[in-house]
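The values are calculated or read from the model by the stated rules, or taken from the named source; none is laboratory data. Every value quoted in this text rests on a predicted model; they were computed, and no experiment measured them. Here the Cβ is made from the backbone with ideal geometry for all residues, glycine too, and neighbour counts use every protein chain on show.
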Amino acid sequence: MNTVTANTFVLLGWGITAALIYSLLSGPFDGRMCESTCFSMLYWGALVLAVFGSLLSLMQAIKPNSGIFSKLGLILGLFLTAKLVGVMVIGTMAG
């Protein structure tokens, strides 16, 4: 795996998270195209891509000759993972 692959997974995770946020904020619950199962699929898909991309970025970042893009992918991936896990923890505590 290379840096481009790792960063692609991280960016796909961010894209799915953006689609999830758009779906959540798209209006009243009755008029939405996406219901609970769809939200769950988007959430877990974004989390899996963020974790997988972060792990791949970590493998690239620990190499001695790694560049700035591998480190940037790692930071973005860890940030997205932390946000999604934080939402899960808050949802668990509230429910």
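Considering (1) touching a Ser or Thr at 6+ places or on another chain (Cβ under 6 Å); (2) in a helix (DSSP H, G or I); (3) of a type outside the set (Val, Ile, Thr), say which one Cys34 fails and leave the rest.
Failing condition for Cys34: (2).
Name the single residue, out of those in the stretch 41-95 being part of a loop (DSSP other than H, G, I, E, B) and over 16 Å from Asn7 (Cα atoms), that is modelled with the lowest pLDDT.
At the first step, the residues of the stretch 41-95 found to be part of a loop (DSSP other than H, G, I, E, B) are 62-67, 95.
Narrowing further to those that are over 16 Å from Asn7 (Cα atoms): 64-65, 95.
Numbers: Pro64: 88, Asn65: 88, Gly95: 71.
If we take residues in the stretch 41-95 being part of a loop (DSSP other than H, G, I, E, B) and over 16 Å from Asn7 (Cα atoms), then Gly95 is modelled with the lowest pLDDT.
Among the numbered conditions (1) buried (at least 16 other Cβ atoms within 10 Å of the Cβ); (2) modelled with pLDDT of 85 or more, tell me where Thr3 comes up short.
Result: Thr3 passes all but (2).
Okay, residues lined up against (1) without any contact (Cβ under 8 Å) to a residue 24 or more places away in the chain; (2) under 9 Å from Gly13 (Cα atoms); (3) surrounded by 15 or more Cβ atoms within 10 Å (Cβ to Cβ):
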| position | (1), (2), (3) |
| --- | --- |
| Trp44 | yes, no, no |
| Phe52 | no, no, yes |
| Gly67 | no, no, no |
| Leu84 | no, no, yes |
| Ile90 | yes, no, no |
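Determine which member of the set Leu12, Leu20, Leu55, Leu72 is in contact with a helix residue (DSSP H, G or I) (Cβ under 6 Å, 6 or more places away or on another chain), farther than 18 Å from Gly91 by Cβ and of a type outside the set (Gly, Ala, Ser). Steps first, answer last, please.
Working: Leu20 fails: farther than 18 Å from Gly91 by Cβ; Leu55 fails: in contact with a helix residue (DSSP H, G or I) (Cβ under 6 Å, 6 or more places away or on another chain); Leu72 fails: in contact with a helix residue (DSSP H, G or I) (Cβ under 6 Å, 6 or more places away or on another chain).
From the options Leu12, Leu20, Leu55, Leu72, the qualifying one is Leu12.
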